[in-house]
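Here the structure is laid out as C-alpha cells; the discussion comes afterwards.
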Amino acid sequence: MELTVRKEDLAKGLAKSQSVVERRTSMPILSNVLLDAQGEQLTITGTDLETSFIGVYPARVSQPGRVTVPARKLYEIAKELPAEDVYLKEKENNYLHITSGRATYDLVGLAAGDYPELPQVDGIPQLTIAGEVLSEMIEKTIFSISQEDTRFNLAGLYVQKRKKDDSHRLRFVSTDGHRLSLIDKEIPGLGEFALEAGVIIPRKGVSEMRKLAEEGGELVLGLSQRYAVVNKDEVKLILRMQEGSFPDYEVVIPKNTKRKALLGRQAFEGVLRRVSLIATDRFQGVRLDFKDGLLEVVSNNPDLGEAREALEVDYEGESFGVGFNARYFLDLCAAMRSEQISLSFVDEQNPCVIKGEGDAGFLSVIMPMRL
Amino acid sequence: MLAHVDMDAFYAAVEVLDRPELAGAPVIVGGGARGVVSAASYPARAFGVRSAMPLFEARRRCPQGIFVPVRMERYRQMSRRVMEVLGGFSPLLEQVSVDEAYLDLRGTPVLKAGPAAAGAAIKEAVATATGLTCSVGLAPLRYLAKIASDRDKPDGLTVVADVEAFLATVTLKEVPGCGAKARERLGALGLGRLIELRALGRERLERLLGAFGLRLWDLAHGRDPAGVELEREIKSVSHEETFARDIADRAALAAHLLNLAEKVSRRLRRYGLAGRTVTLKLRHQDFRLVTRRQSLPQPSDVTQEIYQAARELLVAYAPRGPFRLIGLAVSGLEPAGGGQGGLFDRQEQAKAQALGRAEDLVCQRFGQDALRRAGGLAVLGQDTPTGHDEVGKK
C-alpha cells in the first residue's frame, strides 16, 4: 500500500472512528483501524464487531493495499502533522511509514488479513431522512435507553413503522424499565419503506447515528432485522441489531388519566434542580405535591435535611402527592422544547404521562417511586 | 448498667425440656451424617464434647451420648419467648443471636434494687416463662458484661461493680474477638491478661494488630464505645447447607438452591428488606470455597427471582464438583417496597408479592416446612425433617 491523502481528510475520518473503536478489548486488532487503498480512495474502517464505521476519502493511490494500525495513536499523529498532505506506505512486518513535511513515523501495525470481515449489507431497504428530524427523534429517546447490559432487550432504541389513519409514521421508543420515551414522525417516502417488524438498535449505535444526524443534511437509513446501515456523505455506519424482543410497551402507557397539570418546563426544571440537591444520591427521590394552582416539590434526606419549593401550575382538582426520581424529569425537561408541559396521572400508583404542544408526536411515561 | 444474657447450652436445654427423661444425660445436638455438634449439654461437655466439633469425634469421646437432630424451628420459638421476657425489663434490647441478648438497664425499675437483684430477677423470669436457665453478666460496659456472663456458667450471675478490679482478672482468651492468632502474638511478648497490654503502649499494639490493636488498647483501659444497639444494620441474609453426601448432580443442587431461596426470601420478608445482590456459595470436596455473585435489576424479596439469579450463577459455574456445601446470600439490602417502581410486569410483581405474603402467613402458623415449592421437594427427605414435629405439636 502506498498513497497520499490530505491531512484534513485523514484526521477527520480517524476522529469519527475513535468512538467506535474500543480502547480495551480482548481482540487487540479491534483497537486498530483498517486502512484500505483502492482506486482513487482511502477507506478507513473501525469496528467493535457490533458497531462499524467506514469513511471513504479521496487519495492518490500508487500501490493498492491494506494495513491496520492503532486507531488512537494514528489519530493523535494525524492531528499534529505539519503539512497538508500525508504520504502513507506499507512496510515489512506490518509497519506503516508516515511522512508529512519533515516528520516521519514508522508505526507498528497488525496483519490486515486478520481484520474482521464486515457484514454484507447490500439490498437493505432504505429511507432518506433529514438529519434535523433524525437528531430530534434520537435526542428525545436516547436518555431513557437502559444502561444495564443485563437487560439487553432494553439496551437499545426500538424502531417501528406505524400506520395511523392513512399516513405512516416512524416511531422510536426507549425504556429502561422505569421510564419510557416515544416519538412518532411522519417521514416522506416511509409508506414504501419495507420494515415489517420493529427492530432494536443498540445504544452505542444510536449515539453514533446521532453524531451524524446532528451535522444536518440528509441521511440514508437502511434497516433490516439484522443490521442498520446509515449513509451520510463519505461516512457509513453498520450497526448490528440488538437481539431479543422489545417489551409490550403500549400496555404501560396509561390511557385513562384523570388528573392533569400544566406547568412551565424551564421553571419546573429549575425547581427540580434546587430541591434535588438535598435528595439522597442514589435515588434522587423528590415528592411532587399537587394542590389547586400549585405544585410543591419536596425532598427529605435523613442525613442532610429537607428542601421544598413551590411552583404555580395550572391544576384543578383534589390534592395529591407522588414521589419520583428527579433525574428522570430533569432528563426529560432537557430533551423537550415546549414552553408548557403537561403531567397527567391516573392515581399515585400508576405512571405519569408527560407531553408538550411544542413536542409533536412525543410522549414520555415515568413510573413513580415510593419514598 | 448493661446486662448480657446468655442461655445455657440452649439447644440441648430445649431438648431436655421437651424430653424430661434426658435430664442429666449427655445430650448432643447435631445434624446430618457428617454434621457437627451444634450444642452439648453440660454432662456431655464433661466428656470433652464441644460445639462445632465433628459428630464422629463427639461419638468417640462420648459413646454413651444421646444424639438428637437440630430442631431450629423449636429453638426459635423458645428464643422468641425468652426475648419477650427480656423485653419486659428494658425497651433497649439487642438480640445478638438465637440465645444471646444485651439489655440496657439504665433507668429501669428492676435496677432500683441493685444490679445483683436485677440479674436474679431476670434469671428467675426467664426460668418461670420457659423452664430454661441462663447466665447473666452485669457491667457498665458492653464487653465486660459479655465476659461476666461467661464467668459463672451455667445458671450464673456475675456483677462487675469495680471495673478496674474486674479488668485485672480478665484474660485475653476471654476478650471477645481476641482469637488464637492475636493471642499467639501477644503471648510471644509474655502477655496473657488484658490489663497487661497497658504496658505495651498504643502504637506498638497498633503495629502488632492493626485496628484491632487499637480496640484492645481501649478495652484494656476500660473503654468501650459500643452500647446496646437497638437495631443492628443487617448487611446480608443468607442460608447454607452442608450435604450428608457430596453432590455433583446439577438438578439436585438446583433443588437445594430453591429451598435456600425460599428460606432467604422468607427471612427478607420478615425483616421487611429486599436485596440487590445474589451470591452463590459452593464448597468443593477439597474444602475450596468459591462464591459467585450477580446483581438483580431491582431489589427483591421474591423467592422466584432470587432463585433464578442463583440458578444462573450455578449454571454458569463450570467446575463439576462434587460439592460439600451450597449457600445462598442476598446483600445490598434496603427497605422493601420502597424505591423506584418498574413499568413492566407490574401485575406479575404484585402476584409474586401476594404469593410471598400468603406463604409467610401459612409458614408462620404451621412451620417452615408446611408449604414448599415442589422443585425443592426432591431433597426434602435429606435436610430438615423436623418441621412436621412442629406442626404436630400445635
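The values are calculated or read from the model by the stated rules, or taken from the named source; none is laboratory data. Since the structure is predicted, the reported quantities are computational estimates derived from the model, not experimental observations. Quick reminder, even Gly has a Cβ in these numbers, built from the backbone with ideal geometry, and neighbours come from all protein chains shown. We work out accessible area using only protein heavy atoms, side chains counted, and drop any ligands, DNA or RNA first. Shrake-Rupley method; radii C 1.70, N 1.55, O 1.52, S 1.80 Å.
To keep it simple, each residue is scored yes or no on (1) modelled with pLDDT of 95 or more; (2) assigned to a helix (DSSP H, G or I).
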| position | (1), (2) |
| --- | --- |
| A:TYR57 | yes, no |
| A:ARG60 | yes, no |
| A:ARG66 | yes, no |
| A:ALA78 | yes, yes |
| A:TYR87 | yes, no |
| A:GLU117 | no, no |
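Scanning the stretch B:185-215 for residues that are at pLDDT 90 or above and of a type in the set (Asp, Glu) turns up just one, B:GLU196.
Counting only strands (runs of 3 or more DSSP E) that sit completely within the stretch B:1-116, those holding 1 or more residues that are among the hydroxyl-bearing types (Ser, Thr, Tyr) and under 24 Å from the mean Cα position of the chain (by Cα) correspond to B:37-40, B:93-97, B:100-104.
For the stretch A:148-179, the tally of residues that are loosely packed, with under 15 Cβ neighbours inside 10 Å and away from chain B (no Cβ under 13 Å) stands at 6. Report the residue count in the stretch B:37-52 for those that are buried (at least 17 other Cβ atoms within 10 Å of the Cβ), aliphatic (A, V, I, L, M) and closer than 20 Å to B:ALA244 by Cβ. Residues flagged as buried (at least 17 other Cβ atoms within 10 Å of the Cβ), aliphatic (A, V, I, L, M) and closer than 20 Å to B:ALA244 by Cβ within the stretch B:37-52 amount to 2. All of A:PHE283, A:PHE290, A:PHE268 fail the test of being surrounded by 15 or more Cβ atoms within 10 Å (Cβ to Cβ), in a loop (DSSP other than H, G, I, E, B) and among the aromatic types (Phe, Trp, Tyr), apart from A:PHE283. If you go through the stretch A:126-147 and keep only what is part of a helix (DSSP H, G or I) and either open to solvent by 10 Å² or more (accessible area, probe 1.4 Å) or free of Cβ contacts under 8 Å to residues at least 24 places away in the same chain (or both), you end up with A:GLU132, A:VAL133, A:SER135, A:GLU136, A:GLU139, A:ILE142, A:PHE143. Per this entry, A:ASP347 is counted among residues that are within 20 Å of A:VAL252 (Cα to Cα) and charged (D, E, K, R).
Just to be sure, is B:ALA120 within 20 Å of B:THR158 (Cα to Cα) and part of a helix (DSSP H, G or I)? Yes; evaluated as a whole, the condition is true for this residue.
Residue by residue, here is whether (1) touching a helix residue (DSSP H, G or I) at 6+ places or on another chain (Cβ under 6 Å); (2) assigned by TED's automatic domain parsing to the domain that holds A:GLN41; (3) assigned to a helix (DSSP H, G or I) holds:
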position: A:LEU195; (1), (2), (3): no, no, no
position: A:SER207; (1), (2), (3): no, no, yes
position: A:LEU239; (1), (2), (3): yes, no, no
position: A:LEU263; (1), (2), (3): no, no, no
position: A:ASN300; (1), (2), (3): no, no, no
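Taking the criterion of being more than 19 Å from B:GLY87 (Cβ to Cβ) and of a type outside the set (Ser, Thr, Tyr), the residues of the stretch B:116-145 that qualify are B:ALA116, B:ALA117, B:ALA139, B:PRO140, B:LEU141, B:LEU144. Which residue out of B:THR279, B:THR242 is closer than 30 Å to A:GLU148 by Cβ and polar (S, T, N, Q)? Within the list B:THR279, B:THR242, the selection yields B:THR279. Kindly establish whether B:SER300 is within 14 Å of chain A (Cβ to nearest Cβ), touching a residue at least 12 places away in the same chain (Cβ under 8 Å) and under 24 Å from the mean Cα position of the chain (by Cα). Taking the combined requirement at face value, the residue satisfies it. Restricting the stretch A:319-371 to residues that are surrounded by 18 or more Cβ atoms within 10 Å (Cβ to Cβ), without any contact (Cβ under 8 Å) to a residue 60 or more places away in the chain and small (Gly, Ala, Ser), which is nearest to the other protein chains (Cβ to nearest Cβ)? So the residue we want is A:GLY323.
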